[in-house]
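Chemist: Before I ask anything, let me first share the structure, which is written out below as structure tokens.
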Amino acid sequence: MASGDLALVLMAAGKGTRMRSSLPKVLHPVCGRPILMHAVQLGRELGARRVVAVVGSGEDQVREVLADEDVEIVVQSEQLGTAHAALQARALLEDHEGPVLVMNGDHPLYRASTFNDLLDTYRKGSAELAILVAEFPNPTGYGRIVRNSDGSVARVIEEDDADAATKEIREVNLGAYLASSELLFQCLSKVGNDNAKSEYYLTDVIEIAAQEGRRVETSSTDDWTETLGVNSRVELAEAERLMRRRLAEYWMREGVSFVDPDCTYLDCDVEIGPDTRIEPGVTLKSGTRIGSGCRIDSGAVIENTTIGDDCWIKPQCWLEGARLAARVVVGPSAHLRPDTDLADDVRVGNYVEIKNSRLGPGTKADHLSYLGDSDVGSGVTIGCGAITVNYDGTSKSRTVIGDRVFVGCNSNLIAPVEIESGAYIAAGSTINKEVPDGALAIARARQRNIEGWRDRRFGKKDGKD
Ligand code: UD1
Ligand code: CA
């Protein structure tokens, strides 16, 4: 039994040339989380005591993403290959007591349970170097596992160095290597670059260890969905599809209904309560929390928003940074912008935009309104087309509306302004002064009918000539 805490080395310095991107490959998101952060998360799930990231290409961008994480960073200034990358962690981990797990930073779908099996293989003492492998129907692009006649692992041969017979091998290396720091760094320092790419291949450690009589064991996964390494945008889209399906299945097991899980776009950092029903074509982005018994209709895009129980989000709504209490109904085609706070039983209808505003319980804004920088009480009716005029071209001001206020259709409330509780605003009013409790404010031109005007203007009959 090898004792000691686990240390994780994440190799994330590669250029990711095949992505053709100004963003480092490991920062491309898969279901809202950068590929590299999937690996950091895995390290946490495995209880890794130390996580070391090897960064290089796009170093500043990668550092920024890791800034708030408990991750140590080492720099590989030239990308000379995966063995060279892993060696950069030597100064930090040379004296590490427990096992060191070196991992590709470009496998967002790895599962913790698979790595626990790998750790078991190592910890139960049968392996001094344990590597993760899988049988692939189409192994193209991956390093092949070459075994001796007794079945023991001899070496890994990379695609570019493989002859036709080797290319037939379907057992592939998945880019995760577990050993003591002593064995790992000792073997790494012996790796050369005499190969098709003139790179220092981490995979050569396997042959070096085997030749030194060290016990090399494999641990495998038969779940092909977790094996994908992302090297291109095609693989990125495939990883996203697999992860999304995995997330949907998780939430289905938790009691959420998806009418069509393959047409629902879910990020990792999303929570959904039981008996919520998600229609096709819904996008739930990071930071979204949805309660139970909700209905989320097609075309809704929801990000960083909290939704209470029994809410109904109708088709084509865009919710960003909003908070909804219980039984709130929104849409169709409504836009809730950051710091929108809707209390219980609020109703927000079609073509309504709200930002930085609080609406009290039972308040309704059913059609075509804009509410910005406002504090609206309970039981308020915002008539069709009524808006807050919150911006004078220079600064923003608040509109305060008390409880049970009735704001007539097509009113303009020019902020800063306060409408006290129980006040009524006549339709079409432009309000720029306080309206007292219980008053009716009418602020529009009085109607004047000019009798007989058409006939005088156009002559008798129908006025056409
Ligand atoms: C690697 C393995 C291959 C395995 C495959 C699984 C090697 C030589 N080959 O191939 O056997 O089947 O992963 O996906 O290791 N990196 C650095 N510095 C470098 C080069 C790479 O940090 O100098 C990082 C990359 O950012 C990436 C990881 O190492 O996260 C793997 O590198 P990549 O070039 O993608 O290796 P593969 O060709 O996929
Ligand atoms: Ca790769």
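The values are calculated or read from the model by the stated rules, or taken from the named source; none is laboratory data. A quick note: this is a predicted structure, and the numbers were derived from the prediction, not measured. Don't worry about glycine lacking a Cβ; one is built from the backbone with ideal geometry, like all the others, and counts go over all protein chains shown. Each accessible area value is taken on the protein alone, full model and side chains, heavy atoms only, with ligands, DNA and RNA left out. Shrake-Rupley method; radii C 1.70, N 1.55, O 1.52, S 1.80 Å.
Chemist: With the structure loaded, tell me whether Ala67 is small (Gly, Ala, Ser) and farther than 12 Å from Ala13 by Cα or whether it fails that test.
Modeler: yes
Chemist: Would you mind finding the one in Ala48, Ala91, Ala67 that is closer than 19 Å to Leu178 by Cβ and of a type outside the set (Val, Ile, Thr)?
Modeler: That would be Ala48, the only listed residue that is closer than 19 Å to Leu178 by Cβ and of a type outside the set (Val, Ile, Thr).
Chemist: Just to verify a result, which residue in the stretch 78-114, among those that are more than 16 Å from ligand 2 (Cβ to nearest atom) and of a type in the set (Ser, Thr, Tyr), is farthest from Glu235 (Cα to Cα)?
Modeler: Among those that are more than 16 Å from ligand 2 (Cβ to nearest atom) and of a type in the set (Ser, Thr, Tyr), it is Ser113.
Chemist: Could you say whether any residue in the stretch 415-424 is under 44 Å from the mean Cα position of the chain (by Cα), open to solvent by 60 Å² or more (accessible area, probe 1.4 Å) and of a type outside the set (S, T, N, Q)?
Modeler: Yes, that holds for at least one residue.
Chemist: Anything in the stretch 163-187 that is farther than 19 Å from Ala85 by Cα and more than 16 Å from ligand 2 (Cβ to nearest atom)? List them, or say none.
Modeler: Asp163, Ala164, Ala165, Thr166, Lys167, Glu168, Ile169, Arg170, Glu171
Chemist: Let me ask something else about it. Go through the stretch 155-188 and count every residue that is part of a helix (DSSP H, G or I), under 29 Å from Gly43 (Cβ atoms) and either away from ligand 1 (no atom under 16 Å from the Cβ) or open to solvent by less than 10 Å² (accessible area, probe 1.4 Å) (or both).
Modeler: Matching residues across the stretch 155-188 total 8.
Chemist: In the stretch 104-153, which residues are open to solvent by 30 Å² or more (accessible area, probe 1.4 Å), assigned to a strand (DSSP E or B) and either away from ligand 1 (no atom under 14 Å from the Cβ) or in contact with a Leu (Cβ under 9 Å, 6 or more places away or on another chain) (or both)?
Modeler: Listed by number, the residues that qualify are Asn104, Arg147.
Chemist: Would you mind stating whether Asp366 is in a strand (DSSP E or B) and open to solvent by 10 Å² or more (accessible area, probe 1.4 Å)?
Modeler: Considered against the rule, which asks whether it is in a strand (DSSP E or B) and open to solvent by 10 Å² or more (accessible area, probe 1.4 Å), Asp366 comes out as yes.
Chemist: Answer with yes or no whether Val62 is within 14 Å of ligand 1 (Cβ to nearest atom), hydrophobic (A, V, I, L, M, F, W, C) and farther than 30 Å from Ala196 by Cβ.
Modeler: Here the answer is no, as Val62 does not meet what is asked.
Chemist: Name the pairs whose Cβ atoms lie under 6 Å apart, with the first residue in the stretch 8-22 and over 16 Å from Gln76 (Cβ atoms), the second within 11 Å of ligand 2 (Cβ to nearest atom), and 6 or more positions between them or separate chains?
Modeler: Within 6 Å, the pairs are Arg18/Asn231; Arg18/Ser232; Met19/Lys25.
Chemist: Please work out which one of (1) within 11 Å of ligand 1 (Cβ to nearest atom); (2) under 28 Å from Leu242 (Cα atoms) is the condition Leu80 fails and give its number.
Modeler: Of the numbered conditions (1) within 11 Å of ligand 1 (Cβ to nearest atom); (2) under 28 Å from Leu242 (Cα atoms), the odd one out for Leu80 is (2).
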